[in-house]
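Written out below as structure tokens is the structure these notes cover.
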Amino acid sequence: MKLYTRRGDTGLTDLYGGRRVSKDSLRVEAYGTVDELNSLIGLVRSTGGPGSVQGPLESIQSRLFEIGADLATPKREGRGSRMVPRIGPQHIAEIEGWIDAVDGAVPAMTSFILPGGTELSARLHLARTICRRAERCCVSLGRVEEVEGSADDEHAGDEPPTGVYLNRLSDLLFAMSRYANFAAGVEDVPWHAPTAEG
């Protein structure tokens, strides 16, 4: 099978259920941004760092791949929609456990901080901002289409688990960025409020 198919040359792409949509549709933007985040986390992992960062990130990459497949497969479309793994409460609880563990290992914040310090910390901050963008894409998609997990389950009407997961993940990436500096003996970069002089 060739890597290229030429099916996308007209500006359309296939969702997993078979529907063809524009490449700039909100759904494609959402799963494309999740893919971008996953790629960046791969870059973060290549930087090295403590196991309390590396271990969770390996698992998170698998979850992000599943979120991408989820977003590319509208829930009520296609014969394969029931086979796609979807984020559930257990995945959100796992993220929250990692946040508590990592955040509890660093000193309390006394000011706003700026991205920076070690290279690992800076990359984690960048991943955090892309994660926030992925979350915003899912919110935008949810305004015009059903986002997976938002209906037909016991949590109908609640925020879709995909959006909640991305929200918690951005918090975890922030906590990890602080831990990366702490573990390396590097202080966070504080934000200084402007003085009266300027």
**OP:** With +1 on each Lys and Arg Cβ and -1 on each Asp and Glu Cβ, and nothing else charged, work out how big the dipole of the chain is about its Cα centre, in Debye to the nearest 20.
**Re:** 900 debye
Original post:
Taking springs between alpha-carbon atoms closer than 10 angstrom, which of Leu124, Leu169, Leu57 fluctuates most in the Gaussian network model of the chain?
Top reply: Leu57
Subject >> Ser59 versus Leu12: modelled label distance in nm, points set 7 Å from Cα along the beta carbon direction >> reply: 4.2 nm
Subject >> FRET efficiency, Gln90 to Val186 (Cβ-Cβ, R0 25 Å, nearest 0.05) >> reply: 0.15
Original post:
Across region 112-120, in residue order, what do the Karplus-derived ³J(HN,Hα) couplings come to in whole Hz, using 6.51 cos²θ - 1.76 cosθ + 1.60 with θ = phi - 60° and x for Gly and Pro?
Top reply: 5, 10, 9, x, x, x, 7, 4, 4
Original post:
Of all accessible surface on the chain at a 1.4 Å probe, what whole percent is carbon and sulfur?
Top reply: 54 percent
Original post:
If you put +1 on each Lys and Arg Cβ and -1 on each Asp and Glu Cβ, how big is the dipole of region 1-75 around its Cα centre, in Debye rounded to 20?
Top reply: 300 debye
Original post:
How much solvent-accessible surface does His192 expose, in Å² to the nearest 10, with a 1.4 Å probe and all protein chains in place?
Top reply: 140 Å²
Original post:
How much length, in nm to one decimal, is gained on full extension between Thr195 and Val21, taken as 0.36 nm per residue of separation minus their Cα-Cα distance?
Top reply: 57.5 nm
Original post:
P(r) for the chain: what percent of alpha-carbon pairs falls in each 5 Å bin, starting at zero?
Top reply: 1, 7, 14, 18, 17, 13, 11, 8, 5, 3, 1, 0, 0, 0
**OP:** Can you sort Thr195, Thr129, Thr13, Thr33 by 1.4 Å-probe accessible area, starting with the largest?
**Re:** Thr195, Thr129, Thr13, Thr33
**OP:** Ratio to report: Rg/Rh of region 1-50, with Cα atoms as the point set and Rh obtained by the Kirkwood method; give two decimals.
**Re:** 1.14
**OP:** Taking amide H positions as placed in the peptide plane 1.01 Å from N, state which residues far from Leu114 in sequence (5 or more) or on other chains have amide H under 5 Å from it.
**Re:** Val189, Trp191
Subject >> Dipole of the chain [Lys/Arg +1, Asp/Glu -1 at C-beta], most positive-end residue of Asn181, Asn38, His125 >> reply: Asn38
Original post:
Which log10 I(q)/I(0) values, to two decimals, does region 45-129 give at q = 0.21, 0.25 Å⁻¹ under the Debye formula with one point per Cα?
Top reply: -1.13, -1.35
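The values are calculated or read from the model by the stated rules, or taken from the named source; none is laboratory data. Only a predicted model underlies this, so the values are computations on that prediction, with no experimental measurement involved. FYI the Cβ positions are ideal-geometry reconstructions off the backbone, even for glycines, and counts take in every protein chain you see. The area values use the complete protein model at the heavy-atom level, side chains included, leaving out ligands, DNA and RNA. Shrake-Rupley method; radii C 1.70, N 1.55, O 1.52, S 1.80 Å.
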